[in-house]
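Here's the structure we're looking at; comments come further down.
Quick note: the coordinates plus some simple rules give every number you see, no bench work behind them. What you see is a predicted model; the values in this text were computed from it and never measured. Reconstructed Cβ throughout: ideal geometry from the backbone, glycine too, with neighbour counts over all protein chains shown.
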Amino acid sequence: MAGALQHPWNTGIEEARALQIQLAGLVEESDRFGELRRVAGVDLSGVGPSGKATAAAVLLSFPALERREGRRVQGYLEFPYVPGYLSFREAPLMLEALRALEMEPDLILVDGHGRAHPRRLGIACHLGLLADKPTIGCAKSVLVGKYGDLREEAGATAPLVDKGEVIGLAIRTKAGAKPIFVSVGHRISLPTAADLVLRCTLPGQRIPEPTRQAHKLAAQ
């Protein structure tokens with residue numbers, strides 16, 4: 001699984017920033033996909049002092065959310081930890097895990113942000129562009145932006161806004177629980193992304209099933 005887009009990962013911060021701004025202009029925020037039969041979740045865990053980490057990709061059927069396969073890959077994270085540049089650190093290993101899947105996903109859910117990023121290119125956007133797949137960012141905390149009142153019931157949403165621009169949604173996936181933050185990754189609209197995230201979240205769970213299972217597999 002790979003799109004035509006490629007670029008070097010081992011770069012300096014200024015070059016990475018320029019690349020983010022350039023790639024942000026390539027992200028598609030409209031629905032461009034066919035029938036959804038397989039949904040993948042991808043996450044990364046276990047970063048040690050040496051920089052060694054494990055990425056996992058789990059493939060589920062859709063809409064039944066039955067597990068079809070899971071893959072783990074290990075490697076070293078070469079890019080330093082710098083807020084706002086997570087994709088340069090983690091995306092190469094995540095992409096490797098996705099490519100290890102025998103069946104290609106029709107949609108990818110990423111444990112991280114998409115458009116809800118200072119330069120509108122979070123890790124979900126970056127992965128979506130490189131894989132050329134519909135991709136959604138599903139983060140557990142806010143990186144940038146603010147949201148207003150959010151009702152307590154499951155399914156409640158509130159716009160996540162930065163500098164007057166709606167960059168994502170705070171979504172209460174579980175009644176009374178903290179929200180998750182959904183944003184466009186690539187080839188999908190924000191309303192569709194929100195709908196699919198809720199459809200991928202089992203009753204009583206806060207985290208969508210694809211990324212929840214990917215996190216468990218990566219942490220093993």
Can you list the residues, at least 5 places off or on another chain, whose amide H is less than 5 Å from the amide H of GLU69, using H built in the peptide plane?
-> LEU59
Based on other C-beta atoms within 10 Å, arrange VAL42, VAL82 from fewest to most.
-> VAL82, VAL42
Assign unit charges at the C-beta atoms only (+1 for Lys and Arg, -1 for Asp and Glu), then state the dipole size of region 65-150 relative to its Cα centre in Debye, rounded to the nearest 20.
-> 300 debye
Separation of region 136-157 and region 1-66 by C-alpha centroid, Å?
-> 21 Å
With the label point 7 Å along the Cα-to-beta-carbon line of LYS163 and a cut-off under 16 Å to each amide N, the hits in region 19-43 are 19-26
Which far-off residues, 5 or more places away or on another chain, put their amide H under 5 Å from the one on ILE167, with H placed in the peptide plane?
-> LEU160, VAL161, ASP162
Using +1 at the Cβ of each Lys and Arg and -1 at the Cβ of each Asp and Glu in the chain, identify which of ALA57, PRO179, LEU130 lies farthest towards the dipole's positive end.
-> PRO179
Equivalent ellipsoid dimensions for region 104-220 as semi-axes, Å, which come from the Cα gyration tensor, largest first = 20, 18, 12
Backbone HN-Hα couplings from phi across region 121-134 [Karplus 6.51/-1.76/1.60, Hz, Gly and Pro as x] = 9, x, 5, 5, 5, 4, 5, x, 5, 5, 8, 6, 10, x
Quick one: which of 120-128, 25-33, 86-94 comes out on top by average Cβ neighbours within 10 Å, and what's the full order, highest first?
-> 120-128, 86-94, 25-33
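Using a 10 Å cut-off on Cβ atoms, rank the peptides 8-21, 189-202 from the highest mean neighbour count down. Walk me through the intermediate numbers first.
Details: 8-21: 13.7, 189-202: 18.4.
Result, highest mean first: 189-202, 8-21.
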Per-residue HN-Hα couplings for region 97-102 [Karplus 6.51, -1.76, 1.60; θ = phi - 60°; Hz; x = Gly/Pro] = 5, 5, 5, 6, 5, 6
Sequence-separation-based contact order of the chain, relative, with Cα cut under 8 Å and 6+ spacing, percent = 24 percent
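Does the chain come out rounded, prolate or oblate by the C-alpha gyration tensor, with a ≥ b ≥ c the root eigenvalues, rounded set by a/c under 1.5 and, if not, prolate when a/b is larger than b/c and oblate if not?
Cα axes put the chain in the rounded bin.
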Using R₀ = 35 Å, calculate the FRET efficiency as 1/(1 + (r/R₀)^6) where r is the Cβ-Cβ separation of ILE21 and ARG199; round to 0.05.
-> 0.60
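Going by how many other Cβ atoms sit within 10 Å of their own, how do LYS174, LYS216, LYS146 line up, fewest first? Before the final figure, lay out each step's value.
Working: LYS174 19, LYS216 14, LYS146 11.
Ascending number of Cβ neighbours within 10 Å: LYS146, LYS216, LYS174.
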First measure r as the distance between the Cβ atoms of ASP149 and LEU36, then evaluate 1/(1 + (r/R0)^6) with R0 = 30 Å and state the FRET efficiency to the nearest 0.05.
-> 0.40
